[in-house]
């Protein structure tokens, strides 16, 4: 799991960005779901690793995005500005 919780790992500390430097890919390994994190570009020493959560929110409450990118959607899961 990427999300925090009992089975989460260090990837749970990665933040969302509307302009991420990493992406996730889902694989099936021996019938179990595995999620890999792959870079989208060269990453500088000390640069924060980020990915787009692609969160599908339900209900009326939304999570405000704080990535400060020029293409920021405003809320996590909303359509990213082009």
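The values are calculated or read from the model by the stated rules, or taken from the named source; none is laboratory data. None of the values given here were measured: they were computed from a predicted structure. Positions of Cβ are backbone-derived with ideal geometry, glycine not excepted, and every protein chain shown enters the neighbour counts.
I'm told residue 19 meets every condition in (1) in a loop (DSSP other than H, G, I, E, B); (2) surrounded by 12 or more Cβ atoms within 10 Å (Cβ to Cβ); (3) at pLDDT below 85 except one. Can you identify the failing condition by its number?
(3)
Looking only at the stretch 42-80, count every residue that is in a loop (DSSP other than H, G, I, E, B) and touching a strand residue (DSSP E or B) at 6+ places or on another chain (Cβ under 9 Å) and tell me the total.
The initial filter retains those residues of the stretch 42-80 that are in a loop (DSSP other than H, G, I, E, B), namely 42-49, 52-63, 65-74, 76-80.
Now drop any that are not touching a strand residue (DSSP E or B) at 6+ places or on another chain (Cβ under 9 Å), which leaves 43, 48-49, 52-55, 57, 62-63, 65-67, 74, 76.
Residues meeting the conditions: 15.
Please go through the stretch 53-79 and give me each residue that is surrounded by 10 or more Cβ atoms within 10 Å (Cβ to Cβ), at pLDDT below 85 and under 19 Å from residue 23 (Cα atoms), ordered by number.
Applying the first criterion (surrounded by 10 or more Cβ atoms within 10 Å (Cβ to Cβ)) to the stretch 53-79 yields 53-55, 57, 62-63, 65-67, 69, 71-78.
Keeping just the survivors that are at pLDDT below 85 gives 54-55, 57.
Of everything in the stretch 53-79, those that are surrounded by 10 or more Cβ atoms within 10 Å (Cβ to Cβ), at pLDDT below 85 and under 19 Å from residue 23 (Cα atoms) turn out to be 54, 55.
Could you figure out which of (1) exposed (fewer than 14 other Cβ atoms within 10 Å of the Cβ); (2) under 11 Å from the mean Cα position of the chain (by Cα); (3) modelled with pLDDT of 90 or more isn't true of residue 50?
Unmet condition: (1).
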